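To start, the structure under review is shown below, and the notes come after it.
The values are calculated or read from the model by the stated rules, or taken from the named source; none is laboratory data. Quick caveat: nothing in here was measured; it's all calculated off a predicted structure. Methodologically, a virtual Cβ is constructed for each residue, glycine included, from the backbone with ideal geometry; neighbour enumeration extends over all protein chains shown.
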Amino acid sequence: KLDRMTISCEIQPMMFAVPDPHVAGPFEAFDAIWFDSGDFSDWWNGGWRYETYLSQEFPGYLEERFGARTDKWGRATVGYSTGGWGAAVVALRNPDRFGATVPMSAILSLRYQGGTPYKTPDEQPYWTDPTQPFLSQNIFTALAVHGFLDALGPDLENWKAHNPADIAAGMTDADFAGNIFMAAGDSDHFQLVSHMRDMQRIFDARGVRYWALHSADGPHREAFWRPVLDIALPFLSRAFRGEPQPPLTQTAISPP
């Protein structure tokens, strides 16, 4: 399908690179996802340095070995679920290194506990103590967020520094020039559409342009993410060419 989209000029030729820290086996991968969710940050205790690898070392390798572009507008991050948090946090923390990001069904507001339907922080304040059990909209999200403790530690300020919603509160539109595309659905059992709504609230207040696809039928699985990628690839192609993003016209995804 990528070949067809490229040949038809629907997208421009682009390089896809998929680094994966879960290389030790299926059990270790499960443990890393659920109990060590910070696979995309430099750990607070001096342990793993995932963000340094993903934002500097790995792009440098692609540039040297494969001739990848060296400017921020030639790089983007894409991910889903916890990887969607990684895509967002690596890009938003390194706007000098990345010019676009596509987080799908992502944990975008680590401190959100408002549940579903979406509640603003005025209605339900963010939690403020990382050492206490997290309130959340459901046990699945609470467990996933709790897994960030190993990576982010007990300091609230470090959580804020790695929370896309907190980072967004200090962004300007010039950082990504409209090249932010979020997607989530109501059928997601993690109910992460509320996280996307929180980001939308902040971006709107900051005047930051973005795309947000809210699908009434968007489960937390590949059947949702694959159709979203069909929209995301032309989106990224425009970003790489430096073209302005048109208004998002598609308002739903119908997974097969």
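Quick notes on this structure:
- The number of residues in segment 188-208 being part of a loop (DSSP other than H, G, I, E, B) and surrounded by fewer than 17 Cβ atoms within 10 Å (Cβ to Cβ) comes to 2.
- Segment 200-223, residues that are within 16 Å of V78 (Cβ to Cβ) and either among the β-branched types (V, I, T) or touching a helix residue (DSSP H, G or I) at 6+ places or on another chain (Cβ under 6 Å) (or both): Y210, A212
- Inter-residue pairs, beta-carbon under 8 Å, first part of a loop (DSSP other than H, G, I, E, B) and in segment 71-86, second surrounded by 23 or more Cβ atoms within 10 Å (Cβ to Cβ) and among the aliphatic types (A, V, I, L, M), 6+ apart: R75/A100; S81/M104; S81/A106; S81/I107
- Within segment 1-18, the set of residues being assigned to a loop (DSSP other than H, G, I, E, B) and modelled with pLDDT of 85 or more comprises S8, C9, E10, I11, Q12, P13, M14, M15, F16, A17, V18.
- Checking each residue in segment 71-117 for being under 12 Å from the mean Cα position of the chain (by Cα) and of a type in the set (V, I, T) picks out T77, V78, T82, V89, V90, T101, V102, I107.
- Only a single criterion out of (1) over 18 Å from P219 (Cβ atoms); (2) outside any helix (DSSP H, G or I); (3) of a type in the set (A, V, I, L, M, F, W, C) is not satisfied by A106, namely (1).
- Of all residues in segment 208-256 being of a type in the set (F, W, Y) and under 13 Å from F181 (Cβ atoms), the one that is modelled with the lowest pLDDT: W225
- Restricting segment 117-155 to residues that are crowded, with 18+ Cβ neighbours inside 10 Å and in a helix (DSSP H, G or I) leaves a set whose member that is modelled with the highest pLDDT is L152.
- Residue list for segment 69-110, restricted to those being in contact with a Ser or Thr (Cβ under 9 Å, 6 or more places away or on another chain), crowded, with 20+ Cβ neighbours inside 10 Å and over 21 Å from G185 (Cβ atoms): A76, V89, V90, A91, L92, F98, A100
- Qualifying residue in segment 209-231 (condition: touching a residue at least 40 places away in the same chain (Cβ under 8 Å), part of a helix (DSSP H, G or I) and of a type in the set (K, R)): no
- Selection from segment 191-204 of residues that are free of Cβ contacts under 8 Å to residues at least 24 places away in the same chain and either small (G, A, S) or more than 15 Å from P103 (Cα to Cα) (or both): D204
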